[in-house]
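Inspection log for the structure reproduced underneath, given as C-alpha cells.
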Amino acid sequence: MLPSAEQLKSSIEHSLPGVAITPEGAVLVVEPKDLITVCRHLKHHEPFFMDYVANVTAVDYPNEQRMDLVYHLYSMHHKHGPMTLRVKLNRARPVVASVTPLWRGAEFQEREVYDLFGVQFEGHPDLRRILMWEGFEGHPMRKDYVVEDQDAPLPHPR
Amino acid sequence: MDPTTIDTAPHVERELLEVNLGPQHPSTHGVFRMQATLDGETIVKLKPVMGYLHRNHEQIGEGITYIASFPFTDRLDYFNAMSNNFGLALAIEKLGGIPVAERGEYLRAIMAELTRLVNHTAVIGFLLNDMGAFGTPLLYAFREREKILDLFEAASGSRMMCNYVRPGGVREDVPEGWLAQAKQLVDGYPRFLDEFEALLTQNEIVRQRAQRVGILPRELAISASVTGPMLRASGVNYDIRKVDGYSIYPTCSFKVPLGTVGDVYDRYYVRILEMRESVKILQQALKAVPGGPAISSKGAAISRAPRTFRPPKGDAYGRIEAPKGELGFYLVSDGSPQPYRYHIRAPSFINLTVLEDLCLGHKVGDVIIILGSVDIVLGEVDR
C-alpha cells in the first residue's frame, strides 16, 4: 500500500530538494518544470518503483485558463498504486516535457493528448496526430471546440 | 560468358519497398493500416496508422448522463460488451459511492468471465485463420461462442450489445433456470478446450509458425504499459483481478498463467490456460450466487432517473482486467449530471505501442500473426 498524499509529499520533497508538491485530496499536483525529475525519482527509487504508467490524459478548464495533465502510475513490481499526478499547464501555451523516454507506454497516449487537446510534449520521439488525420484543424476534445457542420463535405485526407 | 562469373557478377540494386497493409485487409481485423518498409521480405520499419473508426466517443460521453454512456461502451470492444459495462460501472461506483448488491456482484463477475471465454476462444480462432488454417479452428471457436451468446441474450436481450451491468449491480435479474443452463455450459467447456488443444497445442505447423516469432521481452512489456494476456505471456505476474481484488475475485481460487518466452505461441497458450482458470472461477461463482436483489436501491434509483445522479466534485479512475488487458475509465465530476471529463484507457490501443518492436526483422507473413496475437478490436483502439 502507498502512504497518504501528505506523506508522499514530504517523502518526495525530502529526496528532491527544490521540488514543490501540493496534495489535493489523493492527487499530487506537480509543477510542470519538476515533472521529469519527480517521475524519474518515482520510477527508479524505493519505496515507489512506479514502473507502469497506466493512464495519461488531459482535462480542459477554459474558465480557469488551464489545461491539466493527469498521470496514473502503478508499480507492477510492488503491485501498488495508483499514484495520481496532476500537472497544471497554461492553456494558452500548453507545453510540458514528455515522459515517453521514461515509460514507452506513454508514447501513444501522449500522441492522443496532443491530437485531441493540443498539448505539446517536448522530447517526444514521434509527436504526430494519431486518431484524427494529418491536416485536421483544431483539437476536438477542447471544451471550446465547435463541432463542424455535419452536412459540409469533409476535405479528403491525403 | 564464363559461367563462374555469374554469382559474383553485376552489382545488384537493392532498395527498400514501402507497402501498406490495410486498411481494407482481412488480416487487420478491422480498418487498420500498417505502413511497412521492407528490405526484400524483411520488415525494417512498421508504423501503425489508426483512427479510421474514430467517433470521439469521449466527447459523446461528456454530453450525456453517466448512465447513458453504457450502451456506447458496448461498442468499444464489441466482443466484450459485458466487461466494458463492468469497467464503467466500477468507475461510477467509485465516484458516487454507490453500494453494490451482492447478487449483482456475482452476476456481473460471471458475465465478465463468460466474456473472457468468448474473447479468448474467438481470438484463437482468428489467430489460426491468420496462420492459414482457413475456417476450421475459427468455426469450432464460433460454435462455442454462439452458446455463450445465447446465455447473454437470455439475460440481457441482446447477443453482443448487452448493456447489462449498472452501477450497484446489473440491470435486471437473470431469468429462471439461467444459472443451471450456465453451469451446464461451463462444465462442458473443458471438453471443448481439450478438443481445441488436441488440434492445436502440439500441432507441428502451429509451433513452426508461432514459436520464437514476435518475442516481447519482459522489460519492454512493463515499460510500454502492455497489459493482459500479452503481458503475462512475457512472464510478468500482473493480473488486476489479483492486484486490485475487486468484485468477487478475492473469494475465488484461481491461478495466473504465465508464459516464459513471450512469443506468439506463448500468447496463444496463456489464453488457453486463462480460459481454464475462468472455468474454475465460473464454477465457484455459479455455486455461490446468493439470493436477494440484483441491484442496490441507490443503483436502481439512478438507473431509473439518470439525471438525478449528481456525483460530488472530484475524479475517479476505475479499472478492470478486461480480456484484452487493463480497461480503465477516468471520470471527472463537476457536480452536474454529466461527466466533465470521460476518458477511456483502452487496452488494445496501448498494446499496439510495441507492434513495431515485435515485427522488426520478421517476414511479412509473420506480421499478420503477430498482429493477430496482440488481439485488437478497432472499436476500442479508435474510440
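The values are calculated or read from the model by the stated rules, or taken from the named source; none is laboratory data. All of these numbers come straight from a predicted model, not from anything done at the bench. Counting neighbours? That spans all protein chains shown, and the Cβs are built from the backbone with ideal geometry, glycine included. Accessible surface areas use protein heavy atoms only, side chains included; no ligands, DNA or RNA. Shrake-Rupley method; radii C 1.70, N 1.55, O 1.52, S 1.80 Å.
Estimated at the nearest 10 Å², the accessible area of B:Glu356 is 40 Å² with a 1.4 Å probe. Going from the isolated chain to the complete set of protein chains, the stretch B:25-59 loses at least 40 Å² of heavy-atom accessible area (1.4 Å probe) at B:Met50, B:His54, B:Asn56, B:Gln59. With protein chains left intact and a 1.4 Å probe, residues in the stretch B:8-153 average 39 Å² of accessible area per residue. Solvent-accessible surface of the stretch A:1-100, taken per residue with a 1.4 Å probe and all protein chains present: 42 Å².
Taking the alpha-carbon distance from B:Lys280 and a cut-off under 17 Å, which lysines remain once sequence neighbours fewer than 8 residues away in the same chain are dropped? The reachable lysines, counting only those whose Cα sits under 17 Å from B:Lys280, are B:Lys183, B:Lys242, B:Lys255. Once you list every other residue whose beta carbon is under 15 Å from the beta carbon of B:Pro217, what net charge do they have if Lys and Arg are +1 and Asp and Glu are -1? It works out to a net charge of -1. Measuring with a 1.4 angstrom probe and ignoring ligands and nucleic acids, B:Val261 comes out at about 50 Å² accessible. Evaluated over the Cα positions of the protein assembly as shown, the convex hull gives a direction-averaged projected area, one quarter of its surface, of 29.4 nm². Applying both filters, DSSP loop and at most 11 other Cβ atoms within 10 Å, to the trypsin sites (Lys or Arg not before Pro) of the stretch B:65-133 eliminates every site.
Both chains summed, the buried accessible area for B and A stands near 3200 Å², from protein heavy atoms and a 1.4 Å probe.
Residue order by solvent-accessible surface for B:Met111, B:Met160 is B:Met160, B:Met111, largest first, with ligands and nucleic acids left out and a 1.4 Å probe. The charge dipole of the stretch B:223-311, taken about its Cα centre with unit charges on the Cβ of Lys, Arg, Asp and Glu (plus for the first two, minus for the last two), comes to roughly 480 debye. Of interest is the spacing of the C-alpha centroids, which for the stretch B:55-90 and the stretch A:23-86 amounts to 25 Å.
Restricting the GluC sites (Glu not before Pro) of the stretch A:77-151 to loop positions (DSSP other than H, G, I, E, B) with no more than 11 neighbouring Cβ atoms within 10 Å leaves A:Glu134, A:Glu137, A:Glu148. What's the whole-number percent of alpha carbon pairs in the stretch B:293-383 lying beyond 18 angstrom? Percent of Cα pairs beyond 18 Å in the stretch B:293-383: 62. Since only B:Asn163, B:Phe70, B:Pro99 are under comparison, the one whose Cα sits farthest along the positive direction of the charge dipole of the stretch B:38-171, derived from C-beta charges on Lys, Arg, Asp and Glu, is B:Pro99. For the set A:Met1, B:Met230, solvent exposure ranked by accessible area (probe 1.4 Å, protein chains only) runs largest to smallest as A:Met1, B:Met230. Counting heavy atoms of the protein chains alone, B:Tyr340 has an accessible area of about 40 Å² for a 1.4 Å probe.
Could you compute how fast chain A diffuses translationally, taking Rh as the Kirkwood radius over C-alpha pairs and applying Stokes-Einstein at 25 °C with viscosity 0.890 mPa s? Give it in µm² per second. Translational diffusion coefficient: 146 µm²/s. For n ≥ 4 DSSP H runs only, could you compute -39500 (n - 2.57) per run for chain B, divide by its residues and tell me the 222 nm figure to the nearest 500? Calculated mean residue ellipticity at 222 nm is -14500 deg cm²/dmol.
Taking the 1.4 Å solvent-accessible surface of chain A as the whole, the part contributed by carbon and sulfur is 52%. For chain B, a simple Cβ point-charge model (Lys and Arg +1, Asp and Glu -1, everything else neutral) yields a dipole of about 1420 debye relative to the Cα centre. The Kirkwood hydrodynamic radius of the stretch B:125-184, based on inverse pair distances between different Cα atoms, is 13.3 Å.
Comparing B:Asp263, B:Asp173, B:Asp334 in a Gaussian network model of chain B, where Cα atoms under 10 Å apart are tied by springs, the biggest mean-square fluctuation is seen for B:Asp334. The residues of the stretch A:42-71 listed by number as losing at least 50 Å² of accessible area in the complex, against the isolated chain and with a 1.4 Å probe, are A:Tyr52, A:Asn55. Proximity of backbone amide H atoms, modeled 1.01 Å from N, is registered between B:Arg345 and B:Gly328, B:Phe329, B:Tyr330 at under 5 Å, excluding neighbours fewer than 5 places apart on the same chain. Each 10 Å bin from zero holds the following percent of Cα-Cα pairs in the stretch B:336-383: 23, 40, 21, 9, 5, 1.
For the stretch B:310-324, the Karplus equation 6.51 cos²θ - 1.76 cosθ + 1.60, evaluated at θ = phi - 60°, returns couplings of 10, x, x, 4, x, 9, 8, 10, x, 9, 10, 8, 6, x, 9 Hz by residue, with Gly and Pro reported as x. Taking the Cα atoms of the stretch B:62-188, the ratio Rg/Rh between the radius of gyration and the Kirkwood radius comes to 1.02. Of the GluC sites (Glu not before Pro) found in the stretch B:22-99, those that fall in a DSSP loop while having at most 16 other beta-carbon atoms within 10 Å are B:Glu41.
Within the accessible area of the stretch B:112-239, the carbon and sulfur atoms contribute 53%, probe 1.4 Å, all protein chains present.
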